[in-house]
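Here is the structure we will look at, set down as C-alpha cells.
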Amino acid sequence: LERIHVVTTYGSPKLYVKIVNDNGRRIVSRALRFTTKKRARVSHQGLYRMDKATDSDRRNFLERIEQKMAKI
C-alpha cells in the first residue's frame, strides 16, 4: 500500500481553515495522488497560526512530523 503524508503550514487558525474547506490540503493531496497511486492512503499534519507560532510550537510540530515519519 502506497502512502502520502502531506505536511503544511497555515497562517490561519485551524477552525477557520476547516470552515473554508481546507482547499490547500485538498489540492496538494489530489495532485500527489494524481502523480502517484490514486489509491494511496493520505494523511496530513498542519501547523496552524504559523505567523503566531512560538519557537516551542515549531519545535513540537517538527518532532511530531519526525515521529510520524518514523512510523511510516
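The values are calculated or read from the model by the stated rules, or taken from the named source; none is laboratory data. Since this is a predicted model, take the numbers as computed values, not measurements. Virtual Cβ from ideal backbone geometry, glycine too; neighbours counted across all protein chains shown. Ligands, DNA and RNA are excluded from the accessible area calculation, which covers all protein heavy atoms including side chains. Shrake-Rupley method; radii C 1.70, N 1.55, O 1.52, S 1.80 Å.
Would you mind calculating the relative contact order of the chain from Cα pairs under 8 angstrom and at least 6 residues apart, reporting the percent as a whole number?
Values: 66 pairs, mean separation 34.0, N = 72.
Computed value for the chain: 47 percent relative contact order.
Where only protein heavy atoms count, and the probe is 1.4 Å, what is the accessible area per residue for the chain in Å²?
Working: 5690 Å² over 72 residues.
It amounts to 79 Å² per residue over the chain.
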Ordered by number, the GluC sites (Glu not before Pro) in the chain that occupy a DSSP loop and have at most 16 other Cβ atoms within 10 Å are Glu2
Would you indicate which of (1) 23, 17, 7; (2) 21, 16, 10; (3) 16, 14, 12 is the value of semi-axes √(5λ) of the Cα gyration tensor in Å derived from the coordinates of this structure? (1)
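Tell me the mean residue ellipticity at 222 nm calculated for the chain from its helices only (DSSP H runs of n ≥ 4, each -39500 (n - 2.57), averaged over every residue, nearest 500). Don't jump to the answer; show the numbers that get you there.
On the way: 3 runs with 36 residues, N = 72.
One gets -15500 deg cm²/dmol as the mean residue ellipticity at 222 nm.
Can you pull the percent of the chain's accessible area that's carbon plus sulfur, 1.4 Å probe, other chains left in place?
Details: 2950 of 5690 Å².
C and S fraction of accessible area: 52 percent.
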Cross-link reach list, lysines versus Lys38, counting only Cα pairs under 23 Å and skipping chain neighbours closer than eight places: Lys68, Lys71
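Stretched out fully, how many nm does the piece from Met69 to Lys14 gain, at 0.36 nm a residue minus the Cα gap? Working shown, then result.
Values: separation 55, 0.36 × 55 = 19.80 nm, distance 2.22 nm.
Taking 0.36 nm per residue and subtracting the Cα distance, the gain is 17.6 nm.
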If a paramagnetic tag sat 7 Å from the Cα of Val6 along the Cα-Cβ line, which residues of segment 38-65 would have the backbone N under 18 Å from that point? 38-50, 65
About its Cα centre, what dipole magnitude does the chain give when the only charges are +1 on Lys and Arg Cβ and -1 on Asp and Glu Cβ, stated in debye to the nearest 20? 460
Segment Ala40-Arg59, extension gain: residue separation times 0.36 nm, minus the distance between their alpha carbons: 4.0 nm
With DSSP loop assignment and no more than 11 other C-beta atoms within 10 Å, the trypsin sites (Lys or Arg not before Pro) in segment 2-72 are Lys38, Arg39
Part-to-part distance (alpha-carbon centres) for segment 46-66 and segment 1-19, which is given in Å: 13
